1. Can you confirm whether THR66 is among the polar types (S, T, N, Q), free of Cβ contacts under 8 Å to residues at least 40 places away in the same chain and either assigned to a loop (DSSP other than H, G, I, E, B) or under 25 Å from PHE40 (Cβ atoms) (or both)?
2. Return the pair list, or none, for Cβ contacts closer than 6 Å from residues in the range 253-264 that are within 9 Å of PHE55 (Cα to Cα) to residues that are of a type in the set (S, T, N, Q), at least 6 apart or on different chains.
3. So, ARG155, is that one under 30 Å from PHE191 (Cβ atoms), basic (Lys, Arg) and in contact with a strand residue (DSSP E or B) (Cβ under 7 Å, 6 or more places away or on another chain) or not?
4. Would you confirm whether any residue within the range 213-227 is more than 30 Å from PHE76 (Cβ to Cβ), aromatic (Phe, Trp, Tyr) and open to solvent by less than 60 Å² (accessible area, probe 1.4 Å)?
5. With a cut-off of at least 2 residues that are surrounded by 17 or more Cβ atoms within 10 Å (Cβ to Cβ), name the strands (runs of 3 or more DSSP E) lying wholly within the range 90-143.
6. Keeping to the range 165-183, report how many residues are buried (at least 19 other Cβ atoms within 10 Å of the Cβ) and farther than 16 Å from THR272 by Cβ.
7. Among the residues of the range 205-221, is there at least one that is touching a strand residue (DSSP E or B) at 6+ places or on another chain (Cβ under 6 Å) and farther than 20 Å from TYR35 by Cβ?
8. For the range 69-89, give me the residue count where each residue is part of a loop (DSSP other than H, G, I, E, B), in contact with an Asp or Glu (Cβ under 8 Å, 6 or more places away or on another chain) and crowded, with 17+ Cβ neighbours inside 10 Å.
Amino acid sequence: MKRLGYQAIFASALSGMAITPVAAQDPDEHWEGAYIGGSFGLGAQNNDRGEAILFDTNLDGAFGDTVSTSTSAAAFAPGFCNGAAVGTAPIDCRGDRDGLEYYIRAGYDAQNGNMVYGFLVDGGRSESRDSVSAFSSTPASYTFTRKLDYSLGARARVGYAARGALFYVTGGAAYGKIKNGFTTTNAVNSFATSGKNSSWGYSYGGGAEVKIARNFSMGLEYLYTNFVDDKFRVNVGAGSAPATNPFLLINPAGTAMRRSDSDFDQQNIRLTASLRF
């Protein structure tokens, strides 16, 4: 629902650009050539409803095991929440944070009549955060959090130029340096993290640009960006816990934990500005 909402907002804004009075636009229809510029906007998290934390209690590499107490009760009976823990129960949870993002970009367009074909590369960072938490009956909380340290994109685009404006669709590859983190209120066990923090993904969307001057344009762009982030692990060890500790019952070496959702995805709504050559 959240994703559809942002798409509707973007479509409404884009239609507003389409009816901008022509008198306020440069009549030059020439879009061919190189350009450099930047963008500023919002990186919005999708609703990861139903996300949880998965466990590998026998350390065989297969996640989905149940962590149980010495009395065979489910150690994580309180449950999970798709956010960051601020207490000891799923109701004590802060939702994912949408954040500002800022990128630089460069590209080249070729034009044939009204049709415009091109490619662009961009790079920048987002302040958005995506978290998931688990709650044990101890009670204790366990929170995984990830954000983009930076990301790079390379996309093709195809557009239609008319009356000083360019309307286009775009799509291509994305690379993200993802910063994964883990926090817990469990002070008994030991915790060690592992796994790479980089990921390849993809982006697609569309937008519009309007000529403000012969060599300067401004626009609005929407992208859906997805990264596969499934390598980060938390390895729970004995610490000062007894052998009856739920994380140690199946395998004295401990238990591994990971997020159930391997997709780190965002909706990106950006204002763009380009200097054309």
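1. Judged against the criteria, THR66 is a match.
2. Every condition considered, the pairs that remain are THR255/THR57; ALA256/ASN235.
3. The answer is no for ARG155.
4. yes
5. Filter on the range 90-143 gives 99-112, 115-126, 130-136.
6. The total comes to 4.
7. Checking the range 205-221: not a single residue is touching a strand residue (DSSP E or B) at 6+ places or on another chain (Cβ under 6 Å) and farther than 20 Å from TYR35 by Cβ.
8. Number satisfying all stated conditions: 1.
The values are calculated or read from the model by the stated rules, or taken from the named source; none is laboratory data. Bear in mind the structure is a predicted one, so any value in this text is a computation, not a measurement. Note that we place each Cβ from the backbone using ideal geometry, even for glycine, and neighbour counts take in every protein chain shown. Heavy atoms of the whole protein, side chains included, go into the accessibility calculation; ligands, DNA and RNA do not. Shrake-Rupley method; radii C 1.70, N 1.55, O 1.52, S 1.80 Å.
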